[in-house]
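Have a look at the structure below, then the notes.
The values are calculated or read from the model by the stated rules, or taken from the named source; none is laboratory data. Owing to the predicted nature of the structure, the values given are computational and were not obtained by experimental measurement. Every residue, glycine among them, receives a Cβ derived from its backbone with ideal geometry; neighbour counts consider all protein chains shown.
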Amino acid sequence: MPKPSKQKLIIITGSPCVGKTTVTKELFSSYENSAFFDGDWAWCVHPFSVEDPRLRNGDKTMSFALSTYLRSGFDYVFFSSVVAVNEEIRGAIVKDITAKGYSVLGFTLTCSEDTLLERHKKRGDKNECSFFWLHLTPHPGDFVIETDHKSVRQIAREIKDIIDRQE
């Protein structure tokens, strides 16, 4: 695989249980000289509320980790997080990245409510399945990837084709 002309920060977002982490792991492993950061760990708090001002520290953690990966010379940096769908939050995270000269590609994964319920059940999550994140408007400029009736490999391939066409 040829080296990209510019480093790429690949942001993958969507509802909890839509498959962000699983798809990003599959995608990340298909690129040489790549790094993967699951931003949801930076926001792993209980109780969870997007309005909690303390979570701005999680945003800074994400910016720092992504900056570190980009400055380390990885060609592809994959970042998955549920909160990256929010324009204000994503904007703050990207604004605070100190690396220079990279491009950003965003992807929002989506599915039907039935599929989300099925995936939520498979995950064994004891919390109630929420459709809140599923029905948010995708981040402006994101490629929206419908995941119903597709395997992880198919979804990753679809995203990879888009990334590779951006060269």
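A compact table of results
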{"quantity": "Every pair of residues 6+ apart whose Cβ atoms lie under 8 Å, when the first sits in the range 75-96 and is within 16 Å of residue 10 (Cβ to Cβ) while the second is basic (Lys, Arg) and outside any helix (DSSP H, G or I)", "calculated": "75/3; 75/8; 76/8; 77/8"}
{"quantity": "Residue that is surrounded by the most Cβ atoms within 10 Å (Cβ to Cβ), among those in the range 35-50 that are touching a Leu at 6+ places or on another chain (Cβ under 9 Å) and not aromatic (Phe, Trp, Tyr)", "calculated": "39"}
{"quantity": "Residues satisfying the stated conditions in the range 71-105, i.e. in contact with a Gly (Cβ under 8 Å, 6 or more places away or on another chain) and either of a type in the set (Phe, Trp, Tyr) or over 16 Å from residue 40 (Cα atoms) (or both)", "calculated": "79"}
{"quantity": "Flag if residue 113 is over 20 Å from residue 9 (Cβ atoms), charged (D, E, K, R) and under 17 Å from the mean Cα position of the chain (by Cα)", "calculated": "no"}
{"quantity": "Top-ranked residue in the range 102-144 [being aromatic (Phe, Trp, Tyr) and under 23 Å from residue 78 (Cβ atoms); ranked as surrounded by the most Cβ atoms within 10 Å (Cβ to Cβ)]", "calculated": "107"}
{"quantity": "Criterion: at pLDDT 90 or above and more than 17 Å from the chain's Cα centre (by Cα) - qualifying residue of 106, 101, 19", "calculated": "101"}
{"quantity": "Condition check for residue 126: assigned to a helix (DSSP H, G or I) and at pLDDT below 95", "calculated": "no"}
{"quantity": "In the range 138-161, the residues that are closer than 28 Å to residue 93 by Cα and without any contact (Cβ under 8 Å) to a residue 40 or more places away in the chain", "calculated": "141, 143, 144, 145, 146, 157, 158, 161"}
{"quantity": "Matching residues in the range 51-101 - criterion: being basic (Lys, Arg), in a helix (DSSP H, G or I) and surrounded by fewer than 16 Cβ atoms within 10 Å (Cβ to Cβ)", "calculated": "54, 56, 60, 71, 95"}
{"quantity": "Complete set of residues in the range 1-50 that are under 12 Å from residue 76 (Cβ atoms) and not hydrophobic (A, V, I, L, M, F, W, C)", "calculated": "3, 4, 6, 7, 8, 24, 29, 30, 31, 32, 33, 34"}
{"quantity": "Verdict on residue 10 being of a type in the set (A, V, I, L, M, F, W, C), in contact (Cβ under 8 Å) with a residue 12 or more places away in the chain, under 27 Å from residue 155 (Cα atoms) and part of a helix (DSSP H, G or I)", "calculated": "no"}
{"quantity": "Conditions (1) farther than 18 Å from residue 25 by Cα; (2) outside any loop (DSSP other than H, G, I, E, B); (3) among the aromatic types (Phe, Trp, Tyr): number failed by residue 131", "calculated": "(2)"}
